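*Asks:* Take this structure, written in structure tokens, and hold onto it; I'll ask about it next.
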Amino acid sequence: MGTSQLSLFENEPPSEKPGPPSKAPVKSKASPASLGRSPVFWIEEIRLLRTLSPKPRQEIRRIQLRRGMNIIWAPPLDGDDPDVRFSGHAAGKTSFCRLIRYLLGEAKCGSSFLYERLHARFPRGWVVARIWVDGKPWIVARPLTGRRRSLCNPSADIDAWLKDDPRKSGSEDFEVFRVTLHQATLEHLPVKSFGESGQSIRFLHLLAWLARDQECRLDGLLSWRHKDSQSANPPISSSDRRFLVRAVVGIIDQEIRREMEHRVSLEEDLRKLPAEVGFRQRTVEEAVEELSPFLDETHPNLADPLFAAGIETELTRAEERDLKSLRPPGALTIDEQRLALDQALQELGASEHAVRTWENDPCGVDASLAHKYCPFHVDTPDALPRQGGLTRKNRLPEYERQSAVARERVQSLQENYEEALREDEGQRRDREEIRNHYRVIREHLQRAIAAQTTLDALLEMRTQLKAEITASQERQESLQRRWDREASRFADLYRRTMQRLLGQGTDAECRFTRETIKLRASCNGDLNSAAINTLITLGFDLTALLASVEGYGYHPRFLIHDSPREADMDAHLYRRLFTHIQALEPEEGEADFQYIITSTEAPPAPLCREPWLRLRLDASKGEERLFCMDL
């Protein structure tokens, strides 16, 4: 089934003078953005129960609500009947609004005055509602008094739920519904915390605006909660309330400010770069000068790993060459000389051993073996000369000569080795100096590589910073244009809304600045009275809702105004509020918003009936008060 709703950018009504409202409600046409949508959340039914029971006698009252406008009317005193003290006041209009707020998550269902009377009359009482969130039904049940647990259930049938014994039928804690509602209303909000305090944005903060305290009397755009209402809502500063309003209507300049701060930070980083680049360049130049013997005149980038490896190879070769130059060609090293000396000592020892052996045993053969096998061996007494004496005389001189030669060689090598040790001490210092020299050069190389790497990164950073600054400036300009466009569109919608409330001869202005939201109405000069100021605030609330109907902003399209008429407000102006809201409803199908208004002043006659009139109360009769009795 198609829908049709009023777009305030279309079908501008003709100029009108103050007068009675039209007898027939005006039907509306829809903007494309509003077709097929429903409020983020809306309330379909509320029941007041003596106990959580499906029995009819336990039901105090049942109120059916709808999408679109819902009027809760308590008519004023009719005539001068001295027996009737009051009729429209104290009937339960504000209590009804407080119950809605309680169902949506507030901690209290009313003031301590109301709580005490409910506790006395309905100690086991409950308020139960069917609430739609993101197109899905929920049953919510909260005790009117006491510390009983609040319940919720994702179901659409209250009667069936009550029959199944809610406390045992798998009902969940009320917190589940509270979280669901929070996510549905705030998940698309462009910010999640307040800009000044940093406090996380909660649904109860938004609810304070959507359902203002009646005690605030609509005396200011940001006047939402009054201390006398005892709502126990989380505190929120004036600046945070203003921030929330701007976020909800989609005209928040925080993105622009963040982008400006980001660009300033980028420009500050770019400003610091020249000094850092200069320092790194000087470091590279000093290192290059130190490495000049190992570099070509046109050396490549020092950060190139292959080039750095080539320089390291050249340094190693040069170091080895310088170390070799300390020793003449062909000269033996200390280790080589020590090895030669050890070998000479071994040869000397062998020669001397041979001499000693021949002196004691000329033939070098054991006497027992010689006696048995040698034909020339003759056993003789020790005092007699041995036949082997001829052999000794033939070989001993040769061994003695070899021993003398070995001794001379050992002496020479010993002298050379001692001299080499003395010379090596000096060469050791020279070698250490050479190694230190090349170690310093390698340190210069590493510093040069690090400096070159950093320099390349800084130069790349400079390029990136310039590109990011340009992109940031473009984003800022784009955000500013979008912000200006959104602010202008909202201001135009506000002007049209106020013209429908005050008449076509009226002009209105809504201007967003960094510190304030300025609202003004004028007709041959600025208008300023309690009634006009109330309408200015009402106009803004309605514009925020209508903007979401039109498809922009983040308003959940749910709004309550509790007795919004100021005492001196012209009845014609007040009735225009009703006809304007009714005109937003589609010709067919359901509206995509829910607006609840309580009133003592009579709505326009065509609207004092269903489907718009949802509840009629009368304080002069106990059974027609909200709780069907005098509390």
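The values are calculated or read from the model by the stated rules, or taken from the named source; none is laboratory data. Bear in mind that the values here come from a model prediction, so they are computed numbers and not experimental data. Counting neighbours? That spans all protein chains shown, and the Cβs are built from the backbone with ideal geometry, glycine included. Note: accessible area is taken over every heavy atom of the protein model, side chains too, but ligands, DNA and RNA are not part of it. Shrake-Rupley method; radii C 1.70, N 1.55, O 1.52, S 1.80 Å.
*Asks:* Look at region 132-160 and say how many of its residues are of a type outside the set (S, T, N, Q) and open to solvent by less than 10 Å² (accessible area, probe 1.4 Å). Can you show your working first?
*Replies:* The first filter runs over region 132-160 and keeps only residues of a type outside the set (S, T, N, Q), leaving 132-144, 146-149, 151-152, 154, 156-160.
Next cut, open to solvent by less than 10 Å² (accessible area, probe 1.4 Å) only: 133, 139-141, 143-144, 151-152, 158.
Total satisfying the criteria: 9.
*Asks:* Take Leu266 and tell me if it is touching a Lys or Arg at 6+ places or on another chain (Cβ under 6 Å) and in a helix (DSSP H, G or I).
*Replies:* Working: touching a Lys or Arg at 6+ places or on another chain (Cβ under 6 Å): no; in a helix (DSSP H, G or I): yes.
Considered against the rule, which asks whether it is touching a Lys or Arg at 6+ places or on another chain (Cβ under 6 Å) and in a helix (DSSP H, G or I), Leu266 comes out as no.
*Asks:* Which of (1) over 37 Å from the mean Cα position of the chain (by Cα); (2) open to solvent by less than 10 Å² (accessible area, probe 1.4 Å) does Phe177 not meet, given it meets every other one?
*Replies:* Exception for Phe177: condition (1).
*Asks:* Filter region 193-224 down to residues that are open to solvent by 60 Å² or more (accessible area, probe 1.4 Å) and at pLDDT 90 or above, then give me how many there are. Walk me through how you get there before you give the answer.
*Replies:* Residues of region 193-224 open to solvent by 60 Å² or more (accessible area, probe 1.4 Å): 196-197, 199-200, 202, 215, 217, 219.
Of the ones still in play, those that are also at pLDDT 90 or above are 200, 202.
The number of residues fulfilling the criteria is 2.
*Asks:* Tell me yes or no: at least one residue of region 310-321 is among the hydroxyl-bearing types (Ser, Thr, Tyr), modelled with pLDDT of 75 or more and over 30 Å from Ile201 (Cβ atoms). Steps first, answer last, please.
*Replies:* Of all residues in region 310-321, those among the hydroxyl-bearing types (Ser, Thr, Tyr) come to 313, 316.
Filter again for modelled with pLDDT of 75 or more, leaving 313, 316.
Still in the running and over 30 Å from Ile201 (Cβ atoms): 313, 316.
Yes, that holds for at least one residue.
*Asks:* Of all residues in region 267-309, which are at pLDDT 75 or above and over 19 Å from Ala450 (Cβ atoms)?
*Replies:* Answer for region 267-309, where residues must be at pLDDT 75 or above and over 19 Å from Ala450 (Cβ atoms): Glu267, Glu268, Asp269, Leu270, Arg271, Lys272, Pro274.
*Asks:* Can you tell me how many residues in region 470-494 are within 21 Å of Asn528 (Cβ to Cβ) and buried (at least 19 other Cβ atoms within 10 Å of the Cβ)? Talk me through it step by step, then tell me what you get.
*Replies:* In the first step, residues of region 470-494 are kept if they are within 21 Å of Asn528 (Cβ to Cβ); the result is 491, 494.
Those left that are additionally buried (at least 19 other Cβ atoms within 10 Å of the Cβ): 494.
Going through region 470-494 one residue at a time, the tally reaches 1.
*Asks:* When you look at Asp228, is it surrounded by fewer than 21 Cβ atoms within 10 Å (Cβ to Cβ) and part of a helix (DSSP H, G or I), yes or no? Walk me through it before giving the result.
*Replies:* On the way: surrounded by fewer than 21 Cβ atoms within 10 Å (Cβ to Cβ): yes; part of a helix (DSSP H, G or I): yes.
When the stated conditions are applied, Asp228 passes them.
*Asks:* Give me the residue from region 83-114 that is part of a loop (DSSP other than H, G, I, E, B), of a type in the set (A, V, I, L, M, F, W, C) and open to solvent by less than 50 Å² (accessible area, probe 1.4 Å) and, out of that set, modelled with the lowest pLDDT. Lay out the reasoning, then the answer.
*Replies:* Taking region 83-114 and keeping what is part of a loop (DSSP other than H, G, I, E, B), we get 83-92, 104-111.
Filter once more, so that each one left must be of a type in the set (A, V, I, L, M, F, W, C): 84, 86, 90-91, 104, 107, 109.
Filter once more, so that each one left must be open to solvent by less than 50 Å² (accessible area, probe 1.4 Å): 84, 91, 104, 109.
Values: Val84: 53, Ala91: 89, Leu104: 97, Cys109: 91.
Residue satisfying both the conditions and the ranking: Val84.
*Asks:* Can Arg576 be described as under 30 Å from Ile517 (Cα atoms), surrounded by fewer than 24 Cβ atoms within 10 Å (Cβ to Cβ) and among the basic types (Lys, Arg)?
*Replies:* Here the answer is yes, as Arg576 does meet what is asked.
*Asks:* One residue is enough: does region 438-454 have a residue meeting the conditions modelled with pLDDT of 75 or more and within 29 Å of Gln337 (Cα to Cα)?
*Replies:* Taking every residue of region 438-454 in turn, at least one turns out to be modelled with pLDDT of 75 or more and within 29 Å of Gln337 (Cα to Cα).
*Asks:* Would you confirm, using the coordinates I've provided, whether Leu151 is on the phi > 0 side of the Ramachandran plot, touching a Pro at 6+ places or on another chain (Cβ under 8 Å), of a type outside the set (Gly, Ala, Ser) and touching a residue at least 12 places away in the same chain (Cβ under 8 Å)?
*Replies:* On the way: on the phi > 0 side of the Ramachandran plot: no; touching a Pro at 6+ places or on another chain (Cβ under 8 Å): yes; of a type outside the set (Gly, Ala, Ser): yes; touching a residue at least 12 places away in the same chain (Cβ under 8 Å): yes.
So Leu151 does not fit the description; no.
*Asks:* Lys466: under 30 Å from the mean Cα position of the chain (by Cα) and open to solvent by 30 Å² or more (accessible area, probe 1.4 Å), yes or no?
*Replies:* Numbers: under 30 Å from the mean Cα position of the chain (by Cα): yes; open to solvent by 30 Å² or more (accessible area, probe 1.4 Å): yes.
The answer is yes for Lys466.
*Asks:* Follow-up question, since we're still on this one. Show the residue pairs that are 6+ apart or on different chains and have beta-carbon atoms under 9 Å apart, the first residue being within region 260-277 and over 12 Å from Glu468 (Cα atoms), the second being hydrophobic (A, V, I, L, M, F, W, C) and open to solvent by 70 Å² or more (accessible area, probe 1.4 Å).
*Replies:* Sorted first by the residue in region 260-277, then by its partner, the pairs are Leu273/Met461.
*Asks:* How about region 605-628: which of its residues are surrounded by 20 or more Cβ atoms within 10 Å (Cβ to Cβ) and touching a Phe, Trp or Tyr at 6+ places or on another chain (Cβ under 6 Å)?
*Replies:* Leu607, Ala619, Leu626
*Asks:* Only one of Glu585, Glu566, Glu590 is touching a Leu at 6+ places or on another chain (Cβ under 9 Å) and surrounded by fewer than 22 Cβ atoms within 10 Å (Cβ to Cβ). Can you tell me which? Spell out the reasoning first.
*Replies:* Details: Glu585 fails: surrounded by fewer than 22 Cβ atoms within 10 Å (Cβ to Cβ); Glu590 fails: touching a Leu at 6+ places or on another chain (Cβ under 9 Å).
Matching residue, one of Glu585, Glu566, Glu590: Glu566.
*Asks:* Looking at region 233-256, is at least one residue among the hydroxyl-bearing types (Ser, Thr, Tyr), open to solvent by 40 Å² or more (accessible area, probe 1.4 Å), assigned to a helix (DSSP H, G or I) and under 22 Å from Cys510 (Cβ atoms)?
*Replies:* Kept after step one, since they are among the hydroxyl-bearing types (Ser, Thr, Tyr), are these residues of region 233-256: 237-239.
Among the residues that remain, those that are also open to solvent by 40 Å² or more (accessible area, probe 1.4 Å) are: 237-238.
Imposing the further condition that a residue be assigned to a helix (DSSP H, G or I) reduces the set to 238.
Filter again for under 22 Å from Cys510 (Cβ atoms), leaving 238.
Looking through region 233-256, at least one residue is among the hydroxyl-bearing types (Ser, Thr, Tyr), open to solvent by 40 Å² or more (accessible area, probe 1.4 Å), assigned to a helix (DSSP H, G or I) and under 22 Å from Cys510 (Cβ atoms).
*Asks:* Name the residue that is most open to solvent (accessible area, probe 1.4 Å), counting only residues in region 518-555 that are in contact (Cβ under 8 Å) with a residue 24 or more places away in the chain and of a type in the set (S, T, N, Q).
*Replies:* It comes out as Asn533.
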